[in-house]
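Every number here is computed from the coordinates shown, using simple stated rules; none is lab data. In this text, all values refer to a predicted model and were calculated from it rather than measured experimentally. Cβ placement follows ideal geometry from the backbone for every residue including glycine, while neighbour counts extend to all protein chains displayed.
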Protein chains: 2
Amino acid sequence: MNDRADIQLTVDVVIFTVRAESLRVLLVRRGVPPFEGAWAIPGGFVLENEPLAEAARRELAEETGASDVYLEQLYTFGAPERDPRGRVVTVAYFALVPPDRLDIRAGSDAAEAAWFDVARVPELAFDHAEVLDAALRRLRGKVGYSEVGFELLPERFTLSELQAVFETILGRPLDKRNFRRKVKLLEVLVEHDEWERQGASRPARLYSFARDRFETLEERETLFPFW
Amino acid sequence: MNDRADIQLTVDVVIFTVRAESLRVLLVRRGVPPFEGAWAIPGGFVLENEPLAEAARRELAEETGASDVYLEQLYTFGAPERDPRGRVVTVAYFALVPPDRLDIRAGSDAAEAAWFDVARVPELAFDHAEVLDAALRRLRGKVGYSEVGFELLPERFTLSELQAVFETILGRPLDKRNFRRKVKLLEVLVEHDEWERQGASRPARLYSFARDRFETLEERETLFPFW
DNA sequence: GCAAAAGTGTTCAGCTTACACCCATGG
DNA sequence: CCATGGGTGTAAGCTGAACACTTTTGC
């Protein structure tokens, strides 16, 4: 009468960053069967007495050295046949890592890891194609009414960089003037008297993201209009 | 070196229905410790070789007799101390059951179960207050751009009934004329030559929900505007 | 002085909102 | 005939989209 399944629980973390105007995801190459040699989303088993989000942060730190970045639970995948070794249910998370938070050294000690443009991802192990797809849909769905667009940038950034992130996530160009007007209207950016110069062009003003102001915005639910 | 946690996996299902213009949730009274005598969200262990959604549907059918209703994975709760008996991670789902799909007999054989107005829910066992809160936020958040508002109604319904469901979920009144115009603009309702008469008033036309038309709408992502 | 990217307003269309009266029926 | 809920259109304000030129710098 006790047919509780003997289940192993893992967390997988879809780790995104932005580089050279492309959205990238971190994948690791599997060194052991099953799917030996295939690319996979980094993940691992949940430890005793470890909260799920903490397991995800541990995974994230092991692979990237990054901590204190945006992390969100995505979905739980539990098809019985998703892992040929047995019943393994995985709680998938996704993380947004600004380029300046990446620790180059991290992850290099363990398995091979590499960043892939999300438009050019190889075949993935397990049901990880589905996991990645869910993460991308979530990210794209939320960019319009949440902070995720801001969480991929370094501490200081230009409005053009911000716009490039939005365009990268959405996969389409945005109008520069409209974009700037709307962002400023949100009142979540702090304007600095610092300027980024790059090559032979006019320097761009640097901004930073005021996370606290965004949170008060959310409560007003101005961003969730009734259709 | 193998510190994989010995974890029990359950599914909990937040079951909503609408009755008398109030949004209700099904709760069961616990007959055994821990939290003996407290009200809880129905749930149970995942079986060997059972997909998570199937476990949720099984739970749902046991409690309500309903099948083929709207079911969506909500969130996975895994705080180590959430169940005093040990490490129990739960994958929470929520279900929307139209009143005509409820089987009165179901659930009566087992534990005591009852419907509660979501605004008048008693103290709940475990972290179920948090689970219910997440379900309500998800439901309210999605009513404006998804089909959830349509999934709580019987096969045939009037526009006033539909509006009442939206108002119940959102917790605020909507303008009748605007509501009707927008719903008709969506083109997801089938108009029938049947009329509901109730008491001393003009009969109301009956409609049904064309789920397939809604799905093609979703792909057009007209409903997900960029801010 | 020219190439390159930064920065800046206005107009128009479409959508959202607010709002009040007549209609069909049962009792 | 009256009480009850069903059903319908229009005007005003607001929001989103389209669009082009000037500025600052490095070379």
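The table that follows gives values for the structure above.
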read-out: Approximate spin-label separation B:L170-B:E196, in nm, with each point projected 7 Å along Cα-to-Cβ; value: 1.9 nm
read-out: ³J(HN,Hα) computed for each position of the stretch A:75-91 - Karplus, 6.51 cos²θ - 1.76 cosθ + 1.60, integer Hz, glycine/proline x; value: 5, 10, 10, x, 4, x, 9, 6, 10, x, 7, x, 7, 10, 9, 10, 9
read-out: Extension gain, B:L186 back to B:R156 (0.36 nm per residue minus Cα-Cα distance, nm); value: 9.0 nm
read-out: Cα-based shape type of the stretch B:90-174, given that a ≥ b ≥ c are square roots of the gyration tensor eigenvalues and the cut on a/c is 1.5; value: oblate
read-out: Cα gyration tensor, the protein assembly as shown - rounded (a/c under 1.5), prolate or oblate; value: oblate
read-out: Summed side-chain charge close to A:T90 - residues other than A:T90 whose Cβ falls under 9 Å, Lys, Arg +1, Asp, Glu -1; value: -2
read-out: Max mean-square fluctuation residue, GNM over chain B, Cα-Cα springs under 10 Å, options B:D68, B:D103, B:D83; value: B:D68
read-out: Point-to-point label distance, A:N178-A:D212, nm (Cα→Cβ direction, 7 Å offset); value: 3.4 nm
read-out: Top of A:S160, A:S146, A:S201 by mean-square fluctuation, Gaussian network on chain A, Cα under 10 Å; value: A:S201
read-out: Cα centre as origin, Lys/Arg/Asp/Glu Cβ charges: the protein assembly as shown dipole, Debye; value: 1940 debye
read-out: Student exercise, the stretch B:133-173 dipole from Lys, Arg, Asp, Glu Cβ charges, in Debye to nearest 20; value: 200 debye
read-out: Estimated FRET transfer efficiency when R0 is 60 angstrom, pair A:E36-B:E62 (beta carbons, to 0.05); value: 0.90
read-out: Shortest-first distances to equivalent copies, position A:A210, nm, label 7 Å out along Cβ; value: 4.8
read-out: Sequence of B:F157, A:F116 once ranked by neighbouring C-beta atoms within 10 Å, starting from the fewest; value: A:F116, B:F157
read-out: For A:Y75, distant residues with modelled amide H under 5 Å away; value: A:A92
read-out: Residue with peak Gaussian network fluctuation, chain B [Cα springs, cutoff 10 Å], from B:V14, B:V148, B:V183; value: B:V183
read-out: For the stretch B:123-169: rounded, prolate or oblate by the Cα gyration tensor [a/c cutoff 1.5]; value: prolate
read-out: Charge context of A:L71, other residues only, Cβ under 15 angstrom, K/R +1, D/E -1; value: -4
read-out: Calculated FRET value between A:S22 and A:A53, using beta carbons and R₀ = 25 Å, to 0.05; value: 0.35
read-out: Gained length - A:E81 relative to A:R120, 0.36 nm times residue gap less alpha-carbon distance; value: 11.4 nm
read-out: Among A:L96, A:L52, A:I7 the positive-end extreme of the charge dipole of chain A (Cβ point charges); value: A:L96
read-out: More than 23 Å apart - percent of Cα-Cα pairs taken over the stretch A:1-130; value: 31 percent
read-out: Size of chain B as Cα extents on the principal axes (Å, biggest first); value: 66, 43, 32
read-out: Antiparallel %, DSSP beta bridges [both residues in the protein assembly as shown], to 5; value: 75 percent
read-out: Inter-copy spacing of B:R137 label points, which lie 7 Å from Cα along Cα→Cβ, given in nm from shortest upward; value: 2.2
read-out: Options A:L206, B:W115, A:V28, ranked by Cα towards positive dipole end of the protein assembly as shown, top entry (Cβ charges); value: A:L206
read-out: Residue-averaged [θ]222 nm for chain A, counting only DSSP H segments that reach four residues, each worth -39500 (n - 2.57); value: -8500 deg cm²/dmol
read-out: Surrounding net charge for A:D12, when Lys and Arg each add one and Asp and Glu each subtract one, Cβ distance under 12 Å; value: -4
read-out: Innermost chain B residue relative to the axis carrying B onto A, by Cβ distance in angstrom; value: B:T76, 2
read-out: Nm distances between copies for A:E81, ranked from closest, using label points 7 Å along Cα→Cβ; value: 4.3
read-out: Reachable lysines from A:K184, criterion Cα separation under 22 angstrom, eight or more residues apart if same chain; value: A:K142, A:K176
